[in-house]
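Notes for the one structure printed next.
The values are calculated or read from the model by the stated rules, or taken from the named source; none is laboratory data. Remember, it's a predicted structure, so these values are computed and weren't measured experimentally. Positions of Cβ are generated from backbone atoms using ideal geometry, with glycine treated the same way; all protein chains shown enter the neighbour counts.
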Amino acid sequence: MVSLNLLIAVCLGYVAVLFLVAFGAERAALRGRAAWLRSPLVYTLSLSIYCTAWTFYGAVGYAARSGMEYLTIYIGPSLVMVGWFWAVRKLVRIGRSQNITSVADLISSRYGKSTLLAVLVTLLAVVGTTPYIALQLQSVTLSVASFSQADATARPLPDQNSTAFWVAAGLAFFTVLFGTRNLDANERHHGVVMAIAVEAVVKLFALLAVGVFVVWGIGGGIGETLARIDASPLGEWHVVPDRWLALSALSAAAFLCLPRMFQVMVVENEEEGHLRTAAWAFPLYLMLMSLFVVPIAVMGLDVLPAGANPDLFVLSLPLAEGRSNLALFSFIGGFSSATSMVIVASIALSTMVSNHIVMPIWLSRQAGGAMVSGDVRYVVILARRLSIIGVLALGYLYYRISGGGAALAAIGLISFSGVAQFLPALLGGLFWRGANRIGALAGLIVGGLIWLWCLFLPSFGPDMILSSGTMTEGPFGLGWLRPYALFGIVGLDSLVHGVFWSLLLNTVVFVMASLATFPTPMERLQGAQFVNIFDHSAATRGWSGGMAQSEDLMIMAQRILGATEAQALFRQAARAQGLQGYLPEPTSDFLQMLERELSGSVGAATAHAMIGQITGGANVSVEDLLAVADETAQIMEHSSQLEAKSDELARTARQLRAANEKLTALSVQKDAFLSQISHELRTPMTSIRAFSEILRDTDTLDAAEKTKYADIIHGEAVRLTRLLDDLLDLSVLENGQVRMNIAPGRLRPILDHAIAASGVDRGRLTIQTGGALETEIATDRDRLAQVFINLIANAQKYCDARTPVLTIAAREMEGLLIVDFTDNGTGVAADAQDMIFEKFSRIGHQQAGGAGLGLAICREIMVRLGGSITYLPGQQGAAFRLTLPLRDAMAAQ
Amino acid sequence: MSERRGPLFLGRVSYRQRRLADAARLMPVLGAILMALPLLWPRAGEAGTPPTSVAMIYIFGVWTLLTVLAALLSHWLDPTFDAATREEPPAEAGDPARGD
């Protein structure tokens, strides 16, 4: 016989082993040697927290009462996992890419990071899960009690509640220790997952051991066992079709929606590829868990005295057969099932409660919002620890209040149907872009209320909360509101009735409200992200930065992620932006990245709110709207804007390039000019010095020689003067200090004067004039003549034709007088054309001296005269066009 | 003649992968149908009601079959296929199964 003391010792020893496993796994993960922690097998085994004590003990009881119907609870999840390609894969991908921390976080993220929705989901999850935790406490208490009954030497337990209390307290301690060790960026708990995997193995082998013992030890082999099954009260196939279908669907829905399942399946998932193993291994696990249930139930009914609790057959059968070691193993299996469920459920719930209820309240109570000093991490961890303790305390209270009776046994399915209310919002959010926040809220509220009214409140039993009068007559005599016969439809099984109406109306309201209302931009953004997750896994929800201060963000991030981690993160981001130091530019990309990191710690809605406080709440920019809207028009508008922008950029770049080339050429020219001008100044100065020295030092010079040398000196001095005059002239013109002597006159006399002054008749150049030479103009005749002379002199100097001819043609056009100077030389090379009017510009390196100031002076003069001078390309020679305003035009001014 | 029997189109591998993905999507449908079939059996009190042992063998048989099929499918499905389909020109853009 197993004494109670031994039982307690074994329990404590088992818990100690779990501690060691969890501790070792955390250590290994910290040292980065956790490859084996990340195996698909561990992932699959961690999913087994679906099988709680309700499975371990309750399935046999269920089978003893209702035959094969218990299988529905395992068929539903098996089908979900076998069909992983639909929903689970998408859930996991979204969970990983958006750093989702819980089912409430997922739903709130999908619907525009709505805090209200997160709170609602959290409340419903707490209400739905608390009875389930109570159920686990009850199962441990009952199993301990069954040992104490068998142990004659044991003192009778003074109060079964003390067992439940100590179990709850121990679990709270374990969960606080390993569940809130650190605020992991991705919320993974290696220690806990590893402990759960070990517990999964223990409970599977415990149940299999009892099953093998029953089939081969008591039953006498497979064939005989099957024969005994057929001969038993369970021998006939008598499932109820509506319950079979409804329960299969319900368990499938609950598998996706249960907070603890979401925790292990999505949040703790290390790698999407693990699903490929879990897709077949988890159904296999469930099949093995349910394989021996019917044989155990049949043998229990057969062997044990009538009135024995079928929920404890797994324990009482080996005890009755005197196999106390097997019974002990079975007890450990049941203990494992209960503890692993409670641990994960309380972690999942505490994450939800702290992220979606405690943190938002705490943040809103802080005057400075997210900007107050101090480390928020302690607040988050404390909130989480208190939430864990709170959740377990609630479970314990529920157990005490409900009395731990048979009412509790039925609560499993009611709990399932409670969390199944998330399903429309969840699946709608995954697959339907049109699903919106209003729809999700409305659906959840309607479904939750019907669930409360039809399933949860009646589950306490008649006259506990709802009076029996209300049950039979409806509230206030409204018959169509009877909890088990909504709308007057009677005859349905109460569970099927509740599940059917709550999920149906939930879905209908969800769809209708989504169709009838408009989503916010943020919802549309997130909707596109979630529904099309496989098209673009990269997040594009945008922050319009600029208003956010990197330093403020850093202060906040340090408090949530920890100083070292936050600094590393910021430094990395700054480096990625090509900046030194710790403060990156608050670009949209950076803010997104930061928000994702933060949401791993405090949930999407809170992280969004915190960054929103610092960035000034500008959370959706026009670019985001364009990104989310795949309507063609908007895309096209967007791309045409881009095109225009890039055209503009290309144009600016071209202009800049041209300007740069010009500047470079100018600088080269200036250098060349400086050397030229020093040369120009130096040559006359050298000869002046040389000849003046001769004049001074040589006494034997005759008069003719003296005159000659003096002439040379004079000539050179004149050349110097001219050069300096030119420079001065240009400088005066450029500074606008010159006054123009505007007087009316005809063109011809000015031109004739210029031709005469340039001494063409002495050179080879022939000049042909023609056109409207008699035109009256008002201008500074001397200055205009200077331009003409310059152009004629240029033709004299540069025209390289055998018989150089300069054609000067004048005509009137559109209020302008146009005078073209065209020679028959080779003209100016194309690459020099835009340079010739610049100062110091000299075309080529011709022998024909000149300082390169002539055309620059011409341009300045023409501008002063209200006209222009341009080079006219393509004229078979050098061609300059002068334009001057006509006299009328001048007069009109 | 035998030389002409080479592959007719080049996207053989990705085509096979897409059909395997279809099969993976159909698995829960197949499972649901097979698991719902017992509802058509005569129930307790009617003539020809099958004994529970037969129901057990059927249901656990179906369960095993589903497990084996799922294992085979996940073995054949290429984990990198996701990325491969996207780079491919949308040859089967009209394929409704790729809508997700």
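Brief remarks follow.
- Residue match in the range A:270-278 (condition: crowded, with 22+ Cβ neighbours inside 10 Å, under 23 Å from A:ALA197 (Cα atoms) and hydroxyl-bearing (Ser, Thr, Tyr)): no
- Selection status of A:ALA717, touching a helix residue (DSSP H, G or I) at 6+ places or on another chain (Cβ under 7 Å), modelled with pLDDT of 85 or more and not assigned by TED's automatic domain parsing to the domain that holds A:ILE861: yes
- Unique match (being over 28 Å from A:LEU413 (Cβ atoms) and either in contact (Cβ under 8 Å) with a residue 24 or more places away in the chain or not assigned by TED's automatic domain parsing to the domain that holds A:ARG596 (or both)) among A:ALA25, A:ALA87: A:ALA25
- Selection status of A:ALA710, modelled with pLDDT of 85 or more, more than 24 Å from A:LEU816 (Cα to Cα) and not in a loop (DSSP other than H, G, I, E, B): yes
- Residue check, A:ALA206 closer than 21 Å to A:CYS51 by Cβ and under 34 Å from the mean Cα position of the chain (by Cα): no
- Considering A:LEU41, A:LEU47, A:LEU91, A:LEU71, the condition of being of a type in the set (A, V, I, L, M) and at the interface with chain B (Cβ under 9 Å from one of its Cβ atoms) is satisfied by A:LEU71 alone.
- Any pair with Cβ under 9 angstrom, 6 or more apart, that starts in the range A:121-134 at a residue that is modelled with pLDDT of 85 or more and ends at one that is outside any helix (DSSP H, G or I) and among the β-branched types (Val, Ile, Thr): A:TYR132/A:THR52
- Of all residues making up the range B:58-74, the number that are more than 8 Å from chain A (Cβ to nearest Cβ) and surrounded by fewer than 16 Cβ atoms within 10 Å (Cβ to Cβ): 3
- Evaluation of A:LEU204 against (1) at pLDDT 85 or above; (2) out of contact with any Ser or Thr (no Cβ under 9 Å at 6 or more places or on another chain) (one fails), failing number: (2)
This table checks each residue for (1) surrounded by fewer than 19 Cβ atoms within 10 Å (Cβ to Cβ); (2) modelled with pLDDT of 90 or more.
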residue: A:ASP493; (1), (2): yes, no
residue: A:PHE510; (1), (2): no, yes
residue: A:ALA513; (1), (2): no, yes
residue: A:PRO519; (1), (2): no, no
residue: A:ASP535; (1), (2): yes, no
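- For the range A:97-106, the criterion of being within 14 Å of chain B (Cβ to nearest Cβ), touching a residue at least 40 places away in the same chain (Cβ under 8 Å) and under 20 Å from A:ALA607 (Cβ atoms) is met by at least one residue.
- Selection of first residues in the range A:296-319 that are among the acidic types (Asp, Glu) and of second residues that are assigned to a helix (DSSP H, G or I), restricted to Cβ pairs under 6 Å at least 6 apart or on distinct chains, gives the following pairs, ordered by first then second residue: A:ASP311/A:GLY58; A:ASP311/A:GLY61.
- Residue selected from the range A:713-740 under the condition part of a helix (DSSP H, G or I) and in contact (Cβ under 8 Å) with a residue 40 or more places away in the chain, by the criterion farthest from A:ARG859 (Cα to Cα): A:LEU723
- Verdict on A:LEU30 being assigned by TED's automatic domain parsing to the domain that holds A:ALA249 and either modelled with pLDDT under 85 or in contact with a Leu (Cβ under 6 Å, 6 or more places away or on another chain) (or both): yes
- Just one of the listed residues (A:VAL303, A:VAL314, A:VAL293) is hydrophobic (A, V, I, L, M, F, W, C), more than 16 Å from A:GLY220 (Cα to Cα) and away from chain B (no Cβ under 13 Å), namely A:VAL314.
- Conditions (1) surrounded by fewer than 24 Cβ atoms within 10 Å (Cβ to Cβ); (2) within 20 Å of A:PHE416 (Cα to Cα); (3) aliphatic (A, V, I, L, M); (4) more than 14 Å from chain B (Cβ to nearest Cβ): number failed by A:VAL60: (1)
- Test: residue in the range A:179-190 that is modelled with pLDDT of 80 or more and either buried (at least 16 other Cβ atoms within 10 Å of the Cβ) or part of a helix (DSSP H, G or I) (or both): yes
- Listed by position, the helices (runs of 4 or more DSSP H) inside the range A:206-282 whose residues that are more than 8 Å from chain B (Cβ to nearest Cβ) and among the aliphatic types (A, V, I, L, M) number at least 3 are A:241-257.
- Filtered residues of the range B:32-53 (kept if modelled with pLDDT under 85, β-branched (Val, Ile, Thr) and in a helix (DSSP H, G or I)): B:THR52
- When A:GLU643, A:GLU648, A:GLU661, A:GLU637 are checked against the criterion of being exposed (fewer than 13 other Cβ atoms within 10 Å of the Cβ), within 60 Å of the chain's Cα centre (by Cα) and either in the same structural domain as A:GLY112 (by TED's automatic domain parsing) or at pLDDT below 80 (or both), a single residue qualifies: A:GLU643.
- Some residue of the range A:728-741 being buried (at least 16 other Cβ atoms within 10 Å of the Cβ) and in contact with a Gly (Cβ under 9 Å, 6 or more places away or on another chain): no
- Under the condition of being of a type in the set (Lys, Arg) and closer than 20 Å to A:ARG65 by Cα, the residues counted in the range A:192-241 number 1.
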